[in-house]
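Asks: I'd like to ask you about the structure that follows.
Here, each number is a calculation from the coordinates, and none is a lab measurement. Bear in mind that the values here come from a model prediction, so they are computed numbers and not experimental data. Neighbour counts are summed over all protein chains in view; Cβ atoms, including those assigned to glycine, are modelled from backbone coordinates with ideal geometry.
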Amino acid sequence: KAGVTQTPRYLIKTRGQQVTLSCSPISGHRSVSWYQQTPGQGLQFLFEYFSETQRNKGNFPGRFSGRQFSNSRSEMNVSTLELGDSALYLCASSSLGGGSQETQYFGPGTRLLVL
Amino acid sequence: AQTVTQSQPEMSVQEAETVTLSCTYDTSESDYYLFWYKQPPSRQMILVIRQEAYKQQNATENRFSVNFQKAAKSFSLKISDSQLGDAAMYFCAYRRAGNNNDMRFGAGTRLTVKP
């Protein structure tokens, strides 16, 4: 099976702009989680989607949003970009119900640089 | 709140030797899952090993094994016969059992393998 794919891999934006990142999970996987990775804060959970519904959300401002489509592909959007949003954004998918017992498989990430 | 602590920011090991990475976590839950992920320079997070808290037997995957001490809330990773390809950041992660539970990561340990 193909792994988790994320597009684009690299992105440069300026402050105030918005950005949309895409994640395609492993075929058959229904749960998609998003994480932000920065040198200062480490890996932080953004949100999780399962069957097109947001099931869990981390402690991030409302500028961060996401959605999941019927084919399980997911997008996350960041509006009004700030310098601090520069990070590696990782997507992970898991099969079945996405419960804690299931392993999450990560994509290669999208590196976002905000200037 | 569940927290994960990796007290060793950096570790180094000679090729073919054994190294142990430390991880402790804080939780009041009795049912949870623990993971070690590897992140090489490519930034792709790769699952190394996982442990179910209800299992007393320590998990093993080829050269990788864990020492899971539930009472002490300790979850160390032992890498035997270290190889150059083992050089990476290693993250310890915790996830409470059930749905709607995000994964909590430690700050990571950078492992260097010397030839």
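Asks: Restricting attention to region B:26-64, and to residues there that are more than 14 Å from chain A (Cβ to nearest Cβ) and either among the aromatic types (Phe, Trp, Tyr) or closer than 20 Å to B:Leu84 by Cβ (or both), which single residue is surrounded by the fewest Cβ atoms within 10 Å (Cβ to Cβ)?
Replies: B:Asn62
Asks: Select from region B:99-115 the residues that are outside any strand (DSSP E or B) and in contact (Cβ under 8 Å) with a residue 60 or more places away in the chain and write down the one among them that is nearest to the other protein chains (Cβ to nearest Cβ).
Replies: B:Ala107
Asks: Go over the candidates A:Thr5, A:Thr80 one by one and state the one that is under 14 Å from the mean Cα position of the chain (by Cα), surrounded by fewer than 17 Cβ atoms within 10 Å (Cβ to Cβ) and in contact (Cβ under 8 Å) with a residue 40 or more places away in the chain.
Replies: A:Thr5
Asks: Strands (runs of 3 or more DSSP E) wholly in region A:25-115 with at least 3 residues that are among the aromatic types (Phe, Trp, Tyr) and within 14 Å of chain B (Cβ to nearest Cβ) - which ones?
Replies: A:42-50
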